[in-house]
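Every number here is computed from the coordinates shown, using simple stated rules; none is lab data. Just so it is clear, the model here is predicted, and its values are computed rather than measured. All Cβ positions, glycine included, derive from the backbone under ideal geometry; neighbour counts span all protein chains shown.
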Amino acid sequence: MLFKDFSVYLQKIEKTTLRLEITDLLSQLFSKLSPTEGKLASYLLLGQLAPNYQGIEFNLATKTMIKVVSRAYNLPEEEVKKKYKEIGDLGEVVWQVAEGKETEGKLSIEEVYRHLYKVAKEEGEGSVERKQYLMAELLKQLDPLSSKYVVRIPLGKLRLGFSQLTILDALSWRLVGDKSWRPLLEKAYNVRSDIGIIVEMILNHLQKKEKLEVLKELLAKMTVQSGIPIRPALASRLPSFEEIIAKLPQAGVEPKYDGLRTQIHAWREKGRKKDSLFSKETDVKVKIFSRNLEDLTPMFPEIKESAIELVERSNLQGVILDSESISFDPQTGRFYPFQETIKRKRKYNVAELRRQRPVRTYVFDILYFDGEDLLTQPLSKRRSYLNKILAKPVGCLNLTPQHLVKDKKEMETLFEEYVSAGLEGIMVKKIDSVYQAGARNFNWVKFKPSALTSVEDTFDLVVLGWYQGKGKRNKFGIGAFLVGVYNPRDDNYLTVSKIGTGLTDDQWRELHKRCLEIKAPHKPANYVVPKELACDFWTEPSLVVEIKADEITRSPLHTSGYALRFPRLVRFRDDKLPTQATTPEEMKEMMEG
Ligand code: ATP
């Protein structure tokens, strides 16, 4: 398909806010694409070139893109800048300035994709210049509508208002004419974390006109792969020990650490064990992924070294571990708060941070062991593998203790012990449960001290926009902000709170700065906001904040149906994507609790 024709679909999608219509348009689009085109188009539709975990970034700032536009269309930079200030969207600017400078627009989706890939891959000295040149050359070959979308992609502002889940719905529609295959497709996606692979597979199947049963089997057989992150299993909440015991009669209780989720893949590249244990060279490869599947490997060299040691020492072919990593004071051994651990994500000065604030990694699950996919094995069996390989700590890798408890008293005692030792609470896990990638259910239950008091737990909410500052706060440029939950059912954002207090001066300043960076020219299509709460300025769905509140109440105003009493900002959740924010379902659970 020509990119020109693909853009027509993008435009239609951009124009509608109706989920069903978007799904239908995507389904129509997929019916016209080859499997390879479908794969590349699915990345582009999400404004990406590859799944998140591959970490392909454009590193092209708006300032640079303004230069690109001026170069491609032979316009003074000042003029482009002025138009951008007026319109607030460089895509729209390009569309306007390209009008009348018609080109044939002969590039295919694949050609545009490859071109953009080249731009992203330019690194090192002089790369900004080369990126500029390549981007401008690409724009020169595109028709105005295509340019509008192509300019937005490297800026991370494609603004089509849907996520992977809507693509999975569209695939289900292509297959059976309704949404009924989404759970099956989502399961495969949770194991591979790559929407492109799933789209390619389905389009391949449709092209070959195979029976649905064949595809079902193929999807079910998608197993974990070293180096490819698995979407992490998540925990639900229950309000009391009684309810936890009632729901999980056979439970393992673990301490809950307040660090960073780390999924560690360590495997031998050649896929086989070593002949000689004395060979010095290691062929073990390691990848460490965050909760939202970003590659953290360069940030935690001590985890990498320990994982290599583990594989070498037990002479394994490979393992995938699920764990929590937390930084500590090497002098006193005390854990640091989460904010300190996350400093590693700065990417620079890692060696120094490692010396001052090393991490200890608590391994609580194993998803793959020596060629065997363990996702469908019960937790008790998975723990038995862990007990074998981590009976003693290996480098910074420690086994998370787990106690099998039968009654409320035992659970309560453990909880008190862990909390008084400064930990966050407990994780209670059904010992016969499988590892359900990407799912939040009652296989795991988290319990923190806040559950025992009138103070509710915290919520991870997406900043949707902000209101002009009035009075004292005028100096921060922001008077209040609107936050919402993510609704996976309809792939959209629903409001829960307009927050005007509960932030320190520094937090207001920082929030304003961050909001400006993600300012949107108009209300994003997937925000469902009542008229009364319309913001003065909108933000792209990007920033997740942790909000603490005293109570959840029912709300006739907020589109989620819930509101928060006395909300206050706890921290910025840079480790979460907006699609990983609290859901309406969780709000319901917490309110009923
Ligand atoms: P969630 O991950 O559930 O969306 P969150 O990121 O806000 O929520 P919490 O609600 O505090 O985190 O709890 C879940 C997280 O706790 C896990 O994602 C994991 O990072 C961490 N964790 C700490 N200890 C454990 C443990 N023993 N088992 C599983 N997870 C643990």
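Yes/no matrix, rows are residues, columns are (1) within 23 Å of the chain's Cα centre (by Cα); (2) away from the ligand (no atom under 15 Å from the Cβ):
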site: Leu397; (1), (2): no, no
site: Leu414; (1), (2): no, no
site: Gly425; (1), (2): no, no
site: Asn441; (1), (2): yes, no
site: Pro449; (1), (2): no, no
site: Asp457; (1), (2): yes, no
site: Val463; (1), (2): yes, yes
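Select, from Leu165, Leu160, Leu139, the only residue that is in contact (Cβ under 8 Å) with a residue 60 or more places away in the chain, in a loop (DSSP other than H, G, I, E, B) and aliphatic (A, V, I, L, M). The conditions single out Leu160.
Of all the listed residues (Ala520, Ala581), the sole one being surrounded by 14 or more Cβ atoms within 10 Å (Cβ to Cβ), aliphatic (A, V, I, L, M) and touching a Ser or Thr at 6+ places or on another chain (Cβ under 7 Å) is Ala520. For the range 282-290, the condition holds for at least one residue, the condition being that it is touching a strand residue (DSSP E or B) at 6+ places or on another chain (Cβ under 7 Å), of a type in the set (S, T, N, Q), within 16 Å of the ligand (Cβ to nearest atom) and under 21 Å from Gly55 (Cα atoms). The set of residues from the range 541-566 being assigned to a loop (DSSP other than H, G, I, E, B) and away from the ligand (no atom under 16 Å from the Cβ) comprises Pro541, Ser542, Asp550, Ser555, Pro556, Leu557, His558, Thr559, Ser560, Gly561, Phe566. In summary, Val199 fulfils each of the numbered conditions (1) in a loop (DSSP other than H, G, I, E, B); (2) buried (at least 17 other Cβ atoms within 10 Å of the Cβ) with the single exception of condition (1).
Here is a yes/no grid of residues against (1) more than 21 Å from the chain's Cα centre (by Cα); (2) more than 20 Å from Tyr257 (Cα to Cα); (3) crowded, with 19+ Cβ neighbours inside 10 Å; (4) hydrophobic (A, V, I, L, M, F, W, C):
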{"residue": "Glu309", "(1), (2), (3), (4)": "yes, yes, no, no"}
{"residue": "Pro337", "(1), (2), (3), (4)": "yes, no, no, no"}
{"residue": "Val350", "(1), (2), (3), (4)": "yes, yes, no, yes"}
{"residue": "Ser380", "(1), (2), (3), (4)": "yes, yes, no, no"}
{"residue": "Lys388", "(1), (2), (3), (4)": "yes, yes, no, no"}
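Of the residues in the range 503-521, at least one is assigned to a strand (DSSP E or B) and either under 27 Å from Leu90 (Cβ atoms) or not aliphatic (A, V, I, L, M) (or both). Any idea how many residues of the range 240-261 are within 16 Å of the ligand (Cβ to nearest atom) and either among the hydrophobic types (A, V, I, L, M, F, W, C) or in contact with a helix residue (DSSP H, G or I) (Cβ under 6 Å, 6 or more places away or on another chain) (or both)? Counting residues in the range 240-261 that are within 16 Å of the ligand (Cβ to nearest atom) and either among the hydrophobic types (A, V, I, L, M, F, W, C) or in contact with a helix residue (DSSP H, G or I) (Cβ under 6 Å, 6 or more places away or on another chain) (or both) gives 8. Looking only at residues in the range 311-335 that are touching a residue at least 60 places away in the same chain (Cβ under 8 Å) and in a loop (DSSP other than H, G, I, E, B), the one that is surrounded by the most Cβ atoms within 10 Å (Cβ to Cβ) is Leu316. Residue check: Ser306 meets all listed conditions (1) within 21 Å of Met427 (Cβ to Cβ); (2) in contact with a Gly (Cβ under 8 Å, 6 or more places away or on another chain) but one, namely (1).
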